[in-house]
Amino acid sequence: MDQSKIRNFSIIAHIDHGKSTLADRILELTQTVQLRDMTNQILDSLDLERERGITIKLNAVQLKYKAKDGEEYLFHLIDTPGHVDFTYEVSRSLAACEGAVLVVDAAQGIEAQTLANVYLALDNNLEIIPVINKIDLPSADPERVKHEVENVIGLDCTDAPLISAKSGLNVDQVLESIVKHVPAPKGNPEAPLKALIFDSIYDSYRGVIVFVRVQEGMLKVGDKIRFMAAGAEYEILECGVRNPKEVKLQELSCGVVGWFAASIKSVQDVHVGDTVTSCSHPASEPLPGYRKMNPMVYCGLYPTDAAKYNDLRDALEKLKLNDASLQYEAETSQALGFGFRCGFLGLLHMDVVQERLEREYNLTLIATAPSVIYHVYLTDGSMLTIDNPAHMPEVQRIERIEEPYVKAEIMVPNDYVGPVMELCQNKRGVYKEMHYIDDGRNQLEYEIPLGEIVFDFFDRLKSVTKGYASFDYELIGYQPGKLQKMDILLNGEIIDALSIIVHKDFAYNRGNAITVKLKDLIPKQQFEIPIQAAVNGKVIARTNIKSLRKNVLAKCYGGDITRKKKLLEKQKEGKKRMKAVGSVEIPQEAFMAVLSMD
Ligand code: GTP
């Protein structure tokens, strides 16, 4: 394949600005997918993505495009997620490309992740093609948005296509811009093989399927290859591209984005960011790879059925192949038994991982309340990193505790600036600056403890701004705080999995709120159960769960046996996601109760 005819690009945008819809239209226009096979958001292949209407995973497809210059071009399109928690997926896709199509909603204008993604594309030296989407909307104002892109980002929008991804209007202009502005790959086809791994997935028949961008040299069936960082060697059994169905080829030439399988059963050998080279002519240096992402939020994941511990371990191992930012290690909890401490990039990521483990690996899990990583300085001069509140040392040994802070950028219409400021202040935020984006909108900058962001910041922001704000954050470092561990006691027993770290000024309120909430969430038992919140062994809040089990049949006076059965079944369902801790059954919701207590 002549490299000058290859174009590798990603589509980047703020969430919901229309990336996946544009990808659909491009697949149609290039007749990659026949109309009868077309579904909406065709590249969102996970069920979860379709149900939630969001992209979680990157996806790479090959398309053929006959351009107006009469030449046929080979496009590799990588669709990427827009949510802040999945930035890692975006940065990996971008490293496999030379260009990025930046989609901006003509009614909404630039949002927080528009900027964040543009910075990522610039970091990767990509050519950025601005595209203004949704011009069919009555509220669309493409001229204003073009100005915004020019003023705020500094991209020339004179030739920016104004499109409707929904109707397909002017989408052909996007394809022409790609041909014209995205540079062709420039790797040396004669050099030793260097292919960058940007994703992988486990297939139970064929082992690990590895997704690569061939930067130099070429790769073909029968080649012996080596993973440079892992050191493992394999023989390529199959390779090809996706369109989006799998297409088998004999080789992947220089500049191509594709996949290969080599009967790899040991998932530890494949690392996203590693370089694949040939055993007979190895490259001397690997490609630069990716910046490692460190998880921001941790929680414990436990199987509700203790016998499924090994299944959970296998599932995490396989899921990690497809989700390189997921981290985990074994942990035990007095309350919940054997499980794993898992690290995530954010709460949505945590939610998605739990749901994927349950659906794709058929597990039922209990997740404990999320926690950030605290730096605990001890009186003996040492420092501990604590990602599980239950492991906090005794207070006598602690000199000070530092917590992670983020720089939060919030874009918000003028009318909501007041409520957003109030919210940030309530979350212990420190005001930094504010500037105008245009006469209707502002960009606010705050420094906020990450621990407070984890506690329902997103939901609060959405509700105080009626969904009109967008938000992005990045970690900026650690600062000391007046923090304490709060234990929750059920029936006089500390439940380690319910312990949280709270700020001293909030301890009393949160203690009260959580005990009241737990009272509603934990089902009544045959006996009365006291719920207490305690700091340093001192009880600061208390309620009781009254005895007597709720009799769901009480209202069924008649003898309708099927109805009774149904109700009992329903009650059983509700119980599934519970964990018996001593004599008390704790439902999943109780572990998340700490997240929305105000
Ligand atoms: P994520 O994958 O979650 O990051 O979102 P996305 O950017 O891929 O957005 P998606 O393509 O899923 O579109 C979001 C919504 O906008 C959907 O309801 C689309 O139907 C709608 N939409 C996309 N393009 C247009 C357009 O040109 N006009 C109108 N009116 N709606 C559009």
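The values are calculated or read from the model by the stated rules, or taken from the named source; none is laboratory data. Predicted, not measured: the structure shown is a model, and the values here were computed from it. With ideal geometry, Cβ positions are generated from the backbone for all residues, glycine too; neighbour counts draw on all protein chains shown. For the accessible areas, the whole protein counts, side chains as well, though only heavy atoms, and no ligand, DNA or RNA atoms are used. Shrake-Rupley method; radii C 1.70, N 1.55, O 1.52, S 1.80 Å.
Points to keep in mind about this one:
- A cut-off of 5 Å between modelled amide H atoms, ignoring neighbours fewer than 5 places along the same chain, links LYS524 with LYS550.
- Isotropically averaged projected area of the range 253-398, using the convex hull of Cα atoms (one quarter of hull area), nm²: 12.6
- Kirkwood Rh in Å, taken over all unlike Cα pairs in the range 374-481: 15.2
- Of LYS5/LYS224; LYS64/LYS245; LYS68/LYS166, pairs whose Cα-Cα distance is over 18 Å: LYS5/LYS224; LYS68/LYS166
- Relative contact order (%) - the chain, alpha-carbon pairs under 8 angstrom, separation at least six: 10
- Separation in nanometres of the label points that stand 7 Å from Cα toward Cβ, at GLU433 and LEU155: 2.3
- Cβ-derived FRET efficiency at R0 35 Å, ILE476 paired with ASN188, nearest 0.05: 0.30
- Residue (of GLN479, THR385, GLN396) at the positive-pole extreme of the range 374-481, dipole from beta-carbon charges: GLN396
- With 0.36 nm allotted per residue and the present C-alpha distance subtracted, the SER266-ASN536 stretch has 92.6 nm of extension available.
- Using a probe of 1.4 Å, the accessible surface attributed to HIS503 totals some 20 Å² when neighbouring protein chains are kept in position.
- Relative packing of 231-241, 195-205, which averages over residues the other C-beta atoms within 10 Å, highest first: 195-205, 231-241
- Extension gain from PHE338 to SER547, taking 0.36 nm per residue of separation minus the Cα-Cα distance: 72.3 nm
- Computed [θ] at 222 nm, deg cm²/dmol, the chain (DSSP H ≥ 4; -39,500 (n - 2.57); rounded to nearest 500): -7000 deg cm²/dmol
- Rounded to the nearest 10 Å², the accessible area of GLU143 at probe 1.4 Å: 100
- The convex hull around the C-alpha trace of the range 194-278, projected and averaged over every direction, spans 4.7 square nanometres.
- Dipole check for the range 194-278: with +1 at the C-beta of Lys and Arg, -1 at the C-beta of Asp and Glu, and the Cα centre as origin, the magnitude is about 140 Debye.
- Unit charges at the beta carbon, dipole of the chain: most positive-side option, ASN322, ALA593, LEU423: ALA593
- Taking amide H atoms as placed 1.01 Å from N in the peptide plane, the amide H of GLN479 lies under 5 Å from those of GLU403, TYR405, each 5 or more residues away in sequence or on another chain.
- Point-to-point label distance, THR379-SER139, nm (Cα→Cβ direction, 7 Å offset): 5.8
- Sequence-distant aspartates and glutamates (8 or more away, or on other chains) whose Cα lies within less than 19 Å of LYS265: ASP199, ASP203, ASP223, GLU233, GLU235, GLU238, ASP274, ASP311, ASP314, GLU317, ASP323, GLU360
- Normalised alpha carbon radius of gyration of the chain [divisor 2.2 N^0.38 Å]: 1.06
- Dividing the convex hull volume of the alpha-carbon atoms in the range 297-368 by its residue count gives 71 Å³ per residue.
- Charge dipole (debye, nearest 20) of the chain; +1 at Cβ of Lys and Arg, -1 at Cβ of Asp and Glu: 2500
- From most to least packed by mean Cβ count within 10 Å, the peptides 453-461, 122-130 give 453-461, 122-130.
- Förster-model FRET efficiency, 22 Å R0, HIS147 and ASP415, C-beta, rounded to 0.05: 0.55
- Less than 5 angstrom separates the built amide H of MET296 from those of PHE344, LEU345, GLY346, all sequence-distant by 5 or more or on a different chain.
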